[in-house]
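The values are calculated or read from the model by the stated rules, or taken from the named source; none is laboratory data. This is a predicted model, so every value here is computed, not measured. A quick note on method: Cβ atoms are made from the backbone with ideal geometry, for glycine too, and the neighbour counts reach across all protein chains shown.
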There are 2 protein chains.
Amino acid sequence: MVKIPVVKDILEVNERIALENKELFDKHKVLVINLMGSPGSGKTSLLELTISALKEKLSIGVIEGDIQSMLDAERINKYGIQIVQINTYGACHLDGNMIRDALPSLNLEKLDLLMVENVGNLVCPAEFKIGEDYKVMILSMPEGDDKPIKYPLMFQESSVLLINKIDLAPYLGVSIERIKNESFRVNPRLAIFPISCRTKQGLEPWFDWILRRYKEKMNAQS
Amino acid sequence: MVKIPVVKDILEVNERIALENKELFDKHKVLVINLMGSPGSGKTSLLELTISALKEKLSIGVIEGDIQSMLDAERINKYGIQIVQINTYGACHLDGNMIRDALPSLNLEKLDLLMVENVGNLVCPAEFKIGEDYKVMILSMPEGDDKPIKYPLMFQESSVLLINKIDLAPYLGVSIERIKNESFRVNPRLAIFPISCRTKQGLEPWFDWILRRYKEKMNAQS
């Protein structure tokens, strides 16, 4: 009787494919951001604002991950950039293989920044690398200030935490300071940017963060 | 070379265990509700209000599902009812086996209603039966009105949709009518209750729904 470690195998195979994706992105000097967060946290709104703000400085592409529907891709499509829709048909996260399958639909030669919107889920996407340079997460204030304690893996894996919907703060019993403190306890190296995609406040530090990471990648030895 | 259908097997094994759980609950005439929703949608707040409202009429127990932490169980514990905490340590949903393991810690003889709070996740919990009579989902208005289209399985599997945080409606660009219409398109048999756990509005129809289901279960042939 042989015990087959299925989960470990799946994650190991994924790790290898993600690394191959990353090598390809590095070769073409494309900065890749894996954007994760709960359903309705504001991932697509953040993408729209980021594209609007940076499209003169960077050539941007988007991969949209959804279980089904093309709603988010339709919202992004009006910006006239490279975009690929992945429908997972049930799967609760993107993985390396799905990204690899999307690559033939992108012209990497012409891209500086590829933003991948993962499936709305605060749990599973954090476990699967896709070939990204950075994982970035977005948490909206109505989700509550106990989330870093309850869903720590995503906070640990992410380089940036965007705290969205701060315009709703007056109407919620939620403390932005507690979100920050609990997040730093889980991951002291997090860059935290409080923002509102609705009022557009607080977004400049996020745009600057992307531009700095892009510059670093251009200057890195390939 | 034999192809092993891993996912199907897992779901089939789970189905069998969930059925055994359900037979045990039926034998003891315990109404079991599997409460699902995104992180921060308001599951624990709803539990607290439901316990407060119904504890004189029904003997209530709670199983709290969390990846880690006991925060929610501590919130419920002050009501002096039977409560079991399940920590999944990474798993993004509860399954039949986890509930079976929790059963020795509950006195089913003394329970009328068992409410199971699933892990905060709009995707995976919908795939796994645990032995419940009904799946109930809670969606909060800040999550947006496109969620039935993007995460249809949970809307299809649920008997009740609670639309929470309607007190925030004036500050959001979200239509409660669109949530209702899109939800009915995915599942025409849904009972939909717009509520606010913060202002306590709209909760009576939900309490009535539970009492009616409890009465039905008591009157059913066992």
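Remarks
- Filter result for A:ALA126 (modelled with pLDDT of 95 or more and either crowded, with 24+ Cβ neighbours inside 10 Å or more than 8 Å from every other protein chain (Cβ to nearest Cβ) (or both)): yes
- Residue match in segment A:52-65 (condition: within 25 Å of A:GLY144 (Cα to Cα) and aliphatic (A, V, I, L, M)): no
- Among the conditions (1) crowded, with 24+ Cβ neighbours inside 10 Å; (2) closer than 29 Å to A:PRO170 by Cβ; (3) more than 12 Å from every other protein chain (Cβ to nearest Cβ), the only one that B:TRP206 does not satisfy is (1).
- When A:TYR89 is tested against (1) within 19 Å of A:LYS43 (Cα to Cα); (2) modelled with pLDDT under 95; (3) within 14 Å of chain B (Cβ to nearest Cβ), just one condition goes unmet, and that condition is (1).
- Residues of segment A:156-187 that are away from every other protein chain (no Cβ under 12 Å) and among the aromatic types (Phe, Trp, Tyr): A:PHE184 alone.
- Per-region count, segment A:134-146, residues surrounded by fewer than 24 Cβ atoms within 10 Å (Cβ to Cβ) and over 10 Å from the mean Cα position of the chain (by Cα): 3
- Any hit, segment A:136-151, residues being modelled with pLDDT under 95 and among the hydroxyl-bearing types (Ser, Thr, Tyr): no
- Long-range neighbours under 7 Å by Cβ, at least six apart or interchain, first residue in contact (Cβ under 8 Å) with a residue 40 or more places away in the chain within segment A:71-86, second buried (at least 20 other Cβ atoms within 10 Å of the Cβ): A:ASP72/A:THR44; A:ASP72/A:GLU64; A:ASP72/A:ASP66; A:ASP72/A:GLU117
- Criterion (part of a strand (DSSP E or B) and under 16 Å from A:MET154 (Cβ atoms)) met by exactly one of A:GLY65, A:GLY120, A:GLY40, A:GLY61: A:GLY65
- Flag if B:LEU114 is more than 8 Å from chain A (Cβ to nearest Cβ) and modelled with pLDDT of 95 or more: yes
- Unmet requirement for B:GLU132, which otherwise passes all of (1) facing another protein chain (nearest Cβ under 9 Å); (2) not in a helix (DSSP H, G or I): (1)
- Scope segment B:122-179; condition under 30 Å from B:LEU24 (Cα atoms) and among the acidic types (Asp, Glu); matching residues: B:GLU127, B:GLU132, B:ASP133, B:GLU157
- Residue selected from segment B:66-86 under the condition closer than 18 Å to B:GLY40 by Cα and among the small types (Gly, Ala, Ser), by the criterion surrounded by the most Cβ atoms within 10 Å (Cβ to Cβ): B:ALA73
- Some residue of segment A:93-110 being surrounded by 20 or more Cβ atoms within 10 Å (Cβ to Cβ) and within 11 Å of chain B (Cβ to nearest Cβ): yes
- Residue in segment A:48-65 that is within 11 Å of chain B (Cβ to nearest Cβ), surrounded by fewer than 24 Cβ atoms within 10 Å (Cβ to Cβ) and not aromatic (Phe, Trp, Tyr) present: no
- Qualifying residue in segment A:14-30 (condition: in a loop (DSSP other than H, G, I, E, B) and free of Cβ contacts under 8 Å to residues at least 12 places away in the same chain): no
So that you can scan it fast, the table gives a plain yes or no per residue for (1) modelled with pLDDT of 95 or more; (2) more than 20 Å from B:GLY144 (Cβ to Cβ); (3) hydroxyl-bearing (Ser, Thr, Tyr):
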site: A:ASN164; (1), (2), (3): yes, no, no
site: A:ASP167; (1), (2), (3): yes, no, no
site: A:LEU172; (1), (2), (3): no, no, no
site: A:ILE176; (1), (2), (3): yes, yes, no
site: A:LYS180; (1), (2), (3): yes, yes, no
site: A:SER183; (1), (2), (3): yes, yes, yes
site: A:PRO188; (1), (2), (3): yes, yes, no
site: A:THR199; (1), (2), (3): yes, no, yes
site: A:ASP208; (1), (2), (3): yes, yes, no
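- The number of residues in segment B:164-191 that are crowded, with 18+ Cβ neighbours inside 10 Å and in a strand (DSSP E or B) comes to 1.
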